[in-house]
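See below for the structure under consideration.
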Amino acid sequence: MTNEREVTAAAGVPAPRLVLAWGTVRDAAFPDRVAAARQAGYDAIGLAIPYYRSLLAAGWTDRDLAAVLAAWDVRINEVEVLFGFHGEPGPAGIPGRPGLVYADPEAERTAYHLADTFQVPFVQTVGTFDGRPVGPAEVAAFADLCDRAAPHGLKVALEFVPYSSVPDLAAGLAVVTTADRDNGGLCVDSWHFFRGAPDLELLRTVPAERVFMVQFNDGPVPAVDADLMTDAVHHRLPPGEGDLDLRAFVRALDRPGIRAPYSVEVYSDDLRRLPAPEVARRAAEATRAVVASAVRTA
């Protein structure tokens, strides 16, 4: 049977490399997640730190996880997410959302363990969620995080999020440029790009070597929920099913030097009700279709 990769290649457009982000099939058991990824043509998966900890608590070992990955020829591409890279370590967070303001040293140690054990190349980080501005001290904190990650072979991908201290592409680029670490770059998420202050011209000029991760998803305009954090984890759509200008987004990133795969991250309550293989396949096919259309019409 002809798969989606072959169809895309036959149309004259190279098939994009895909990563199945953790949030797209967030309730799937680990073997089901890995199998769904391979069957839908993903090269890799993302792994959330709390999910990994839950696997260990349930009796899984690193050797068990490695055996499943090897059986399906799937790797882990990204560790998600180190929250509050410039926050003070502590157990509390903003009301109703614990852990989102303060840094978590234990999460950082877990990220390094995953990098050492599974050769994971990227870890995501975001700022704090308390409205503070980013200045020299925060840039220094990002640089320090990059320095701590470097011995583990990790590249730190800063994800700008419109309701965080690093709200948009311009702010994120300023942090990574000023920090000036070879292993410090950006995670460019289409949802957060368009929900914040979208600047396609700036996106076209971001140095290619600073684009570490590209997360791909769609959504309605206007947002379903006025609380953008709530909206982001409940109401995303597969690429091409919403109103975001994803073709312009793809064209801005389709240039020499950018080698990041598309990490398909569709947090959706509607998709959450469906079997993991169906969700993975639908998201992959949608991503390939949008990318192919964007490249053909460039």
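The values are calculated or read from the model by the stated rules, or taken from the named source; none is laboratory data. Quantities reported herein were computed from a predicted structural model and do not represent experimental measurements. Quick reminder, even Gly has a Cβ in these numbers, built from the backbone with ideal geometry, and neighbours come from all protein chains shown. Note: accessible area is taken over every heavy atom of the protein model, side chains too, but ligands, DNA and RNA are not part of it. Shrake-Rupley method; radii C 1.70, N 1.55, O 1.52, S 1.80 Å.
Of note:
- Under Karplus coefficients 6.51, -1.76 and 1.60, residue-wise ³J(HN,Hα) of region 167-178 in Hz, glycine/proline x: x, 8, 4, 4, 5, x, 5, 4, 5, 6, 5, 5
- Ranking by accessible area, most exposed first, for D104, D180 with a 1.4 Å probe: D180, D104
- Pair D243, A150: separation of 7 Å Cα→Cβ label points (nm): 4.5
- Helix-derived mean residue ellipticity, 222 nm - over the chain, DSSP H n ≥ 4, -39500 (n - 2.57), to 500: -12500 deg cm²/dmol
- Think of each Lys and Arg Cβ as +1 and each Asp and Glu Cβ as -1; about the Cα centre, that makes the dipole of region 167-298 roughly 540 debye.
- Gaussian network model of the chain, Cα within-10 Å springs - most flexible of A143, A66, A48: A66
- Shown for the chain: the carbon plus sulfur share of the solvent-accessible area, taken with all protein chains present and a 1.4 angstrom probe, equals 55%.
- Each part gets one Cα centre, and for region 159-218 versus region 114-143 those centres are 13 Å apart.
- Using a probe of 1.4 angstrom and keeping all protein chains present, the accessible surface of the chain works out to 42 square angstrom per residue.
- Largest GNM mean-square fluctuation across G196, G46, G185, computed for the chain with C-alpha springs under 10 Å, falls on G196.
- Positive-end residue, the chain charge dipole about Cα centroid, Cβ charges, pick of L274, C187, A289: A289
- Here the chain is treated with +1 on each Lys and Arg Cβ and -1 on each Asp and Glu Cβ, and its dipole about the Cα centre works out to around 680 debye.
- Coil-residue trypsin sites (Lys or Arg not before Pro) of region 219-274, DSSP, other Cβ within 10 Å capped at 15: R259, R273
- Farthest toward positive dipole pole in the chain [+1 Lys/Arg, -1 Asp/Glu at C-beta], among T230, L56, S165: L56
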